[in-house]
1. Carbon and sulfur together cover what percent of the accessible area of the chain at a 1.4 Å probe radius?
2. Non-local amide H neighbours of L192 (under 5 Å, H modeled in plane, Pro and chain starts lacking H): which ones?
3. Output the relative contact order of the chain, whole-number percent, from Cα pairs under 8 angstrom with separation of 6+ residues.
4. For the chain, what does the accessible surface come to per residue with a 1.4 Å probe? Please give it in Å².
5. Roughly how many debye, to the nearest 20, is the charge dipole of the range 133-236 about its Cα centre, given +1 on each Lys and Arg Cβ, -1 on each Asp and Glu Cβ, and no other charges?
6. If the limit is 19 Å between Cα atoms, which of K86/K139; K268/K314; K35/K250; K296/K339 go over it?
7. Provide F184, F411, F65 ordered by accessible surface of protein heavy atoms (probe 1.4 Å), highest first.
8. Could you rank the peptides 225-233, 100-108 by their average count of other C-beta atoms within 10 Å per residue, with the highest value first?
Amino acid sequence: MVRVRFAPSPTGNLHIGGARTALFNWLYARAKSGKFILRIEDTDSARSKQEFVDEILNSLSWLGFNWDEIYYQSKRLDIYNEYAQKLLKEGKAYKEKAIDKPREAIIFKVPPQKIKIQDLIRGEIEFDTAVIKDQVLIKSDGTPTYNFACVVDDADMKITHVIRGDDHISNTPKQALLYEALGFSVPKFAHLPLIMGMEGGRLSKRTGATAISDYRKMGYLASALVNYLLLLSWAPGGNVELIDINQALKLFDVTQVNKTSATFDLKKLNWMNNQYLKNGDSEKLTDVLIPLLIEKNYISADGFDRDYLVSLVKLFQPRLTTLNDFCDWADFFFVKELKIEEEAEKKFLGGDLSREFRLFIEKLDKLEKFDILNIEAGFREVVKELNIESKALIHPIRVALTGKTIGPGLFEVIYYLGKELTQKRLGRWINGGSNA
Ligand code: GLU
């Protein structure tokens, strides 16, 4: 049975690179009906933090990468020590005491040899261990080094495939020697290509090394992010880019992962998120948005009109890059005090619009029915009566109602704002009219 693991160190948040490694492990496990194991590599007690463990677990859950088993290395120190003692006994390791350290460290004698590793992505890789120094197994503080704990755990947890970033490739020969010395069989390896920033070089904070939890806060959808992560080093074929996780499960094979490095492109992620928002189920999107709207005090947790919200979501859906765009762009439906962009006010509400707005306000009162079609018909009549171009009135009305120069169709906006609020917001711009 396939058993793979994701082994984050909780010395930082889960980032794009880690999330991709987790995805490919999870996907491989699920595609092969195997097990996905989560191993928290927290032996460095000075740098490991509970807040990072929480962030990593929450982010993995949010992305949908459910795990079958979870282990914490900090709870397994006895096991590593046991195996280190075994190597000592067999003469494969020795003790060494540094002058300033209270306890002895245990060091592995690296036997010089040529090692071949079959990598599922890169093919055969050969290493010469003559250039590798003897390796610390257990440090003088009693904790194991990464390479040692990793091998003991991968063997003990019966990991069949080690899928990890290729920044670990130099560790692989050291680990292969340890498997051999401990008498364990060597798992298969798959080293995922590096993810670079748009300007080359490793991902930096500026180029996308943002915590997954931050992407969530910024209003990215887990489904879109997962789809994007998939494309970072794998393609489903046939130029397909939008692929949901269930389809990916049927097509994914770790041997088809790209060998060359991937580039993280925020624009592409934004495009992807827009695709998911645009085509997503409006009801479900509304459910995701509701907590954000409550947080902003746009709606009250005790009572809101869900159907009305769904209609608003539908109105904005095609244009959204992130969920937060909805909060920013649809604010005028919820706020009491409308914020009007300064530039827009100067440009479109600078002159006296009393006559135009008054006529339109009156027209709204005379409509047979207050619906989108009639609102539009009424507007056309006003424009005709005033003998002006539509746009001469569309923009001022939009800015007066929404505070912005762009947005969904004006007649829909008026319909969903309602007659009363529309008239009130337009009335503010009528000389001698109500200034409410
Ligand atoms: N804790 C290591 C890391 O976060 C795990 C590497 C591995 O997968 O072996 O990079």
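The values are calculated or read from the model by the stated rules, or taken from the named source; none is laboratory data. The structure presented is a predicted model; accordingly, all values stated were derived computationally and were not measured. Cβ: placed from backbone, ideal geometry, glycine included. Neighbour counts: every protein chain shown. When the accessible area is computed, the model is the full protein with side chains, heavy atoms only, and any ligands, DNA or RNA have been set aside. Shrake-Rupley method; radii C 1.70, N 1.55, O 1.52, S 1.80 Å.
1. Numbers: 10570 of 21560 Å².
Of all accessible area on the chain, carbon and sulfur atoms account for 49 percent.
2. Amide H to amide H, under 5 Å and 5 or more residues apart or across chains, L192 pairs with R164, G165, D166.
3. Details: 652 pairs, mean separation 53.9, N = 436.
Dividing the mean separation by the residue count of the chain yields 12 percent.
4. On the way: 21560 Å² over 436 residues.
Per residue, the chain has 49 Å² of solvent-accessible surface.
5. Numbers: 11 positive and 10 negative charges, 72 e Å.
About 340 debye.
6. Numbers: K86/K139 16 Å; K268/K314 23 Å; K35/K250 16 Å; K296/K339 15 Å.
The pairs that break the limit, which is 19 Å between Cα atoms, are K268/K314.
7. Working: F184 50, F411 20, F65 0 Å².
Greatest to least solvent exposure: F184, F411, F65.
8. Working: 225-233: 22.8, 100-108: 15.9.
Top of the packing list down: 225-233, 100-108.
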